[in-house]
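The values are calculated or read from the model by the stated rules, or taken from the named source; none is laboratory data. These figures come from a predicted structure and were not determined experimentally. When we count neighbours, we look across all protein chains shown, and the Cβ atoms used for this are built from the backbone with ideal geometry, even at glycine. Note: areas computed on protein heavy atoms with side chains; ligands, DNA, RNA excluded. Shrake-Rupley method; radii C 1.70, N 1.55, O 1.52, S 1.80 Å.
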Amino acid sequence: ITLKVVGSENEVDGPHFLLNEYGMGFDEITASSLLKVTLDGTQITDTVTGDERPMGRVFKPGYVLHSALHSAREDVHAIWHCHQVDSTAICQTTTGLLPLSQEATFALAKGVAYHPYEGSVNSLDEQERFVKSIGESNKVLLLEDHGPLVVGERIEEAFSTMWFLTRACQYQVRATSSVGGDLSRINIPNSHIRKEMDRRAEKFDEAPAASKVFEDEGKNGQEEVVTKHDTETLMFGCARRAAERKYGADNIYV
């Protein structure tokens, strides 16, 4: 996971982003252990603000992949990449992500692109191809034979997109395994149902409509008011609280 430092795009060597140190377990990482790096992988210690971040080990494949997307996409604040078993397995198939569930619909709505496998991500030459593969607006990039990657305008979007994506892949792996890989025995929605799935997904965040009485030119009227929940923030908040209960907030935000 990398996060662009807010305002760092205005720096001479910006933008900067935060990166976890290579060799640390995810249950060991704290706020102060994150490394601040430039797009070329140089570590930064901000002596002006007193932000004394440690000098540590930068994982080159992580830097090569993430810096390419942070540099090319101004809309990207957070990048989330993982090797979750089922989603990585889907990256190893030619079928890719299928629209088999609500979760798949939400992930597909973010825009899904694919990138062919070239080996370990430690070649700067591949950066341009990563950027071309994900395109200008897609939020999901399935790295073939490697694993999933999502980008978001905020950490909440990246988290929820990855959650929906990995859950969709879990369903797909189990469904295809249960029929021996025979896709003719899978309930794959047709184009008509796909459109309806997409339409309903757009309304997923809506709260029940409420009636509002108004007065216009001396006459009373009534209209329906529909509000939307911020599902991405709610999901991330739930995950954050779970982590705080498990590890202790005092052990995380130090």
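Quick notes
- Figure legend: label point modelled 7 angstrom from the Cα of residue 74 along Cα→Cβ; residues of segment 1-41 with amide N under 19 Å from it are 4-17, 39.
- Amide H partners (placed H, <5 Å) of residue 16, local residues excluded: 5, 8, 9
- Estimated at 0.36 nm per residue, the fully extended path between residue 137 and residue 13 surpasses their Cα-Cα distance by 42.2 nm.
- Per-residue [θ]222 nm for the chain (sum of -39500 (n - 2.57) over DSSP H runs n ≥ 4, rounded to 500): -11500 deg cm²/dmol
- The separation of segment 72-149 from segment 180-254, counted between C-alpha centres, amounts to 23 Å.
- For the pair residue 228 and residue 26, label points projected 7 Å from Cα toward Cβ lie 2.8 nm apart.
- Fraction of beta bridges assigned by DSSP in segment 95-247 that are antiparallel (%, nearest 5): 75
- Orientation-averaged projection of segment 1-107 equals 8.6 nm² [convex hull of Cα atoms, one quarter of hull surface area].
- Counting protein heavy atoms only, the chain has 50 percent of its accessible area on carbon and sulfur, 1.4 angstrom probe.
- Shape of segment 42-161, Cα gyration tensor, a/c cut at 1.5: prolate
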